[in-house]
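> For reference, the structure I am asking about is given below.
Read-outs throughout are calculated quantities, based only on the coordinates presented, and are distinct from any laboratory measurement. Source: prediction; values computed, not measured. So basically every Cβ, Gly included, is an ideal-geometry build from the backbone, and we count neighbours across all protein chains shown.
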Amino acid sequence: MVPLLTSLLRLPQHLAHGTSLAIVIFVATAGLAGYWRTDNVDWGLAPWLALGGAAGAYVGAVSMSKLAPRALRFVFGVFLLGVAVRMFIL
């Protein structure tokens, strides 16, 4: 989503990352509803994952705000390459 927002809509890098994360709220809610209906949610684990996700999102947002747009683009690109390599290996 971030590359789409930066290339097609010409959003600045920081704004594209924040916008992408805001969309995750709605996608996650819709996914949760579907899995909840089929009783495929581990409610004992969910609060812990939510807490870790919230803490990670906060730390990530604070860290992101300290990076220049070019550095943020580079870090994001390295992250995407790492994910691609991992997908091919596993």
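> Measure off 7 Å from each Cα along the Cα-to-Cβ vector at Trp43 and Arg10, then give the distance between these two points in nanometres to one decimal.
5.0
> Another question about this same structure. Relative to the longest principal axis of the chain, what angle (0 to 90°, nearest 10) does the C-alpha long axis of helix 13-37 take?
With rounding to tens, the tilt is 10 degrees.
> Further, regarding this structure: What size of dipole, in debye to the nearest 20, comes out for the chain about its Cα centre when the only charges are +1 on Lys and Arg C-beta atoms and -1 on Asp and Glu C-beta atoms?
On the way: 6 positive and 2 negative charges, 89 e Å.
Dipole about the Cα centre, nearest 20: 420 debye.
> What are the extents of the Cα atoms of the chain along their three principal axes, in Å, largest first?
So the extents along the principal axes, rounded to whole Å, are 43, 30, 26.
> What's the ranking of 18-30, 64-76, 40-52 by average number of surrounding C-beta atoms within 10 Å, highest first?
64-76, 18-30, 40-52
> Binning at 10 angstrom from zero up to the longest distance, how are the C-alpha pair distances of the range 1-52 distributed in percent?
That works out to 22, 36, 24, 17, 0, in percent per bin.
> Determine, from the Cβ-Cβ distance of Leu81 and Thr19 and an R0 of 25 Å, the FRET efficiency 1/(1 + (r/R0)^6), rounded to the nearest 0.05.
On the way: r = 22 Å, r/R0 = 0.90.
Once rounded, the FRET efficiency stands at 0.65.
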